[in-house]
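The structure appears below as structure tokens.
The values are calculated or read from the model by the stated rules, or taken from the named source; none is laboratory data. Just so it is clear, the structure is predicted and the values come from calculations on it, not from any experiment. Neighbour counts are summed over all protein chains in view; Cβ atoms, including those assigned to glycine, are modelled from backbone coordinates with ideal geometry.
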Amino acid sequence: MGIYKTYILPGVIDWACSSVTSREQREKLIPLAVGHVLEIGIGSGNTLELYNGSKVTQLTAIDPSIELWERRTTDLSALNFKVTYIRGMADHISFEDDTFDTVVSTYTLCSVNPIEQSLNEIYRVLKPGGKLIFSEHGKAPDEKLERFQNRINPLWKRIGGGCNLNRDIGLLLEQCGFHTDGLNKGYLDGWRGTSFNYWGWATKH
């Protein structure tokens, strides 16, 4: 699995996260970010050019895969805000409480582990009133599709870098203290297993 994870999986993830549906979701949500922003799972940086440079003062990006980050094509010096990349995981964010105005996560909460600790960390580093902006696939409300997701999830996690098909993103956010005032749910175009999506924002009380 070492060769697969190092050389093959980054390309697969980059391809999957560059789909038309993913791009359209990011185009709707990323411009909502303001102030000092933390992006969880920056990957190859395909969100960088979508930030509103007049609203964002600084972007801190966390991702465990340096291989993905090195695939980026965006010229960081051409952006209107400073970008700092940190190789790390969402379950241990090395910043003080109440640091960030906005946290962004797109197609990342499916794979962070443990998910509860990661969401607690995101909540901790957000300022009061700050928002987590997200777009994630997850558990479908249709029982037949949910059974399909549950059945193939163990294999999917192995080949998909820890990606889970069946996480109830809305419920997880609420359990970790977020107010899901901007939550949207629905089916989007794409493969059946990842077709049900959760997107919008959640606010720290």
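Return only the number of the condition from (1) among the small types (Gly, Ala, Ser); (2) in a strand (DSSP E or B); (3) within 19 Å of Thr47 (Cβ to Cβ) that Gly186 does not satisfy.
Unmet condition: (3).
Could you figure out which of (1) surrounded by fewer than 16 Cβ atoms within 10 Å (Cβ to Cβ); (2) in contact with an Asp or Glu (Cβ under 7 Å, 6 or more places away or on another chain); (3) farther than 21 Å from Arg23 by Cα isn't true of Asp98?
All conditions are met except number (2).
Among (1) surrounded by fewer than 20 Cβ atoms within 10 Å (Cβ to Cβ); (2) at pLDDT 95 or above; (3) under 17 Å from Ser105 (Cβ atoms); (4) not aliphatic (A, V, I, L, M), which single condition is Gly162 missing?
(2)
Being under 24 Å from Val20 (Cα atoms) and either in a helix (DSSP H, G or I) or among the aromatic types (Phe, Trp, Tyr) (or both) is the filter here, so list the residues in region 153-183 that pass it.
Let us first name the residues in region 153-183 that are under 24 Å from Val20 (Cα atoms), namely 153, 156-157, 159-170, 182-183.
Listed by number, the residues that qualify are Asn153, Trp156, Lys157, Ile159, Ile169, Gly170.
Just to be sure I understand the filter: pairs with C-beta atoms under 7 Å, separated by 6 or more residues or on different chains, first member in region 60-71 and under 9 Å from Ser44 (Cα atoms) and touching a residue at least 24 places away in the same chain (Cβ under 8 Å), second member among the aromatic types (Phe, Trp, Tyr) and surrounded by fewer than 20 Cβ atoms within 10 Å (Cβ to Cβ). Which pairs pass?
Partner pairs satisfying both residue conditions: Trp69/Tyr85.
For (1) touching a helix residue (DSSP H, G or I) at 6+ places or on another chain (Cβ under 6 Å); (2) polar (S, T, N, Q); (3) surrounded by fewer than 17 Cβ atoms within 10 Å (Cβ to Cβ), each residue gets a yes or a no:
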{"position": "Val34", "(1), (2), (3)": "no, no, no"}
{"position": "Asn46", "(1), (2), (3)": "no, yes, no"}
{"position": "Glu49", "(1), (2), (3)": "no, no, yes"}
{"position": "Ser54", "(1), (2), (3)": "no, yes, yes"}
{"position": "Thr57", "(1), (2), (3)": "no, yes, yes"}
{"position": "Thr60", "(1), (2), (3)": "no, yes, no"}
{"position": "Leu68", "(1), (2), (3)": "yes, no, no"}
{"position": "Arg72", "(1), (2), (3)": "no, no, no"}
{"position": "Ser77", "(1), (2), (3)": "no, yes, yes"}
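Take region 122-145 and flag every residue that is more than 17 Å from Thr194 (Cβ to Cβ), small (Gly, Ala, Ser) and buried (at least 20 other Cβ atoms within 10 Å of the Cβ). Let's see the steps before the verdict.
Of all residues in region 122-145, those more than 17 Å from Thr194 (Cβ to Cβ) come to 122-133, 143.
Within this subset, residues satisfying the condition of being small (Gly, Ala, Ser) are 129-130.
Result: Gly130, single match.
Against the condition at pLDDT below 95, more than 16 Å from the chain's Cα centre (by Cα) and outside any helix (DSSP H, G or I), how does Gly130 come out, does it pass?
In short, no.
Restricting attention to region 112-121, does a residue exist that is touching a Gly at 6+ places or on another chain (Cβ under 7 Å) and either under 23 Å from Glu27 (Cα atoms) or surrounded by fewer than 20 Cβ atoms within 10 Å (Cβ to Cβ) (or both)?
Quick first cut of region 112-121, residues touching a Gly at 6+ places or on another chain (Cβ under 7 Å) only: 113.
Among the residues that remain, those that are also either under 23 Å from Glu27 (Cα atoms) or surrounded by fewer than 20 Cβ atoms within 10 Å (Cβ to Cβ) (or both) are: 113.
Yes, that holds for at least one residue.
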